[in-house]
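In what follows, a single structure is set out as structure tokens and then discussed.
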Amino acid sequence: MLVGTACNREVVVVERSASVSQAARLMRDFHVGDLVVVETQDGRRRPVGILTDRDIVVGVLARDVDAASVAVRDVMGGELITATEDESLPDVVKRMRAAGVRRLPVVDGEGTLVGILTVDDLLDLLSETLNDLTRLISRELTREQRRRP
């Protein structure tokens, strides 16, 4: 399976220059725990970082800093890891594990943001797959029982 098939295409984004207060409101309004930080060039949004609710708590609230006076760029995560939509899902999961990240932006061949892949998305996918397999086994057992004299 490819990353582009499994990723969430509805991504909430924020610019680096936005205040942490603005970012927190976006998280609240869209019920998400992270925002992809983007830079817009030639009408294309390119991911440059991720801001998580934990970044806000640790980098702003725990330090008693006014969230309206701090820019997203000052507290967003460091090195950004991305995946392309045509990469193999198992390969990307291995990269996520090695890097210790729970989410990563998904880009097209030109580096434009097209989605986000999160551990929650992967767990949902795995759960659906296991549920399908369970139903398959149950169906097979039913078929076998019907065939018996």
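The values are calculated or read from the model by the stated rules, or taken from the named source; none is laboratory data. Bear in mind that the values here come from a model prediction, so they are computed numbers and not experimental data. Reconstructed Cβ throughout: ideal geometry from the backbone, glycine too, with neighbour counts over all protein chains shown. We work out accessible area using only protein heavy atoms, side chains counted, and drop any ligands, DNA or RNA first. Shrake-Rupley method; radii C 1.70, N 1.55, O 1.52, S 1.80 Å.
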Using only the alpha-carbon atoms, how far is helix 119-147 inclined from the longest principal axis of the chain? Give it as 0 to 90 degrees, nearest 10.
10
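May I ask you to list the GluC sites (Glu not before Pro) in region 1-81 that are in a DSSP loop and have at most 11 other Cβ atoms within 10 Å of their Cβ? Don't jump to the answer; show the numbers that get you there.
Numbers: sites: E10, E15, E39, E79; in loops: E10, E79.
Loop-located and lightly packed - E10, E79.
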Identify, among T134, V75, L123, the residue whose Cα sits farthest towards the positive end of the charge dipole of the chain, taking +1 on the Cβ of Lys and Arg and -1 on the Cβ of Asp and Glu, with the dipole about the Cα centre.
T134
Which ³J(HN,Hα) values, rounded to whole Hz and listed in residue order, are derived for region 9-15 from phi using the Karplus coefficients 6.51, -1.76 and 1.60 in 6.51 cos²θ - 1.76 cosθ + 1.60 with θ = phi - 60°, glycine and proline given as x?
8, 9, 10, 8, 10, 8, 7
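Could you check how much of the accessible area of the chain is carbon and sulfur, as a whole percent, using a 1.4 Å probe? Mind showing how you got there, number by number?
Numbers: 4690 of 9560 Å².
In the chain, the share of accessible area belonging to carbon and sulfur is 49 percent.
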Taking a ≥ b ≥ c as the square roots of the eigenvalues of the Cα gyration tensor of region 1-44, is the shape rounded (a/c under 1.5), prolate (a/b larger than b/c) or oblate?
oblate
Please work out the ratio of the alpha-carbon Rg of the chain to 2.2 N^0.38 Å and round it to two decimals.
1.35
Shape of region 40-105, Cα gyration tensor, a/c cut at 1.5
oblate
Spin-label model distance (nm) - R147 vs E39, 7 Å beyond Cα toward Cβ:
6.2
Which far-off residues, 5 or more places away or on another chain, put their amide H under 5 Å from the one on E39, with H placed in the peptide plane?
R46, V48
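When DSSP beta bridges are limited to those with both residues in region 1-145, what percentage is antiparallel, rounded to the nearest 5?
On the way: 16 of 21 bridges.
Antiparallel bridges: around 75 percent, rounded to the nearest 5.
Measuring with a 1.4 Å probe in the full set of protein chains, what accessible area per residue, in whole Å², belongs to the chain? Before the final figure, lay out the partial values.
Details: 9560 Å² over 149 residues.
Counting only protein heavy atoms, the per-residue value for the chain is 64 Å².
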Per-residue HN-Hα couplings for region 50-64, Karplus 6.51 cos²θ - 1.76 cosθ + 1.60 at θ = phi - 60°, whole Hz, x for Gly and Pro?
9, 10, 10, 4, 5, 4, 5, 5, 6, x, 10, 4, 5, 9, 6
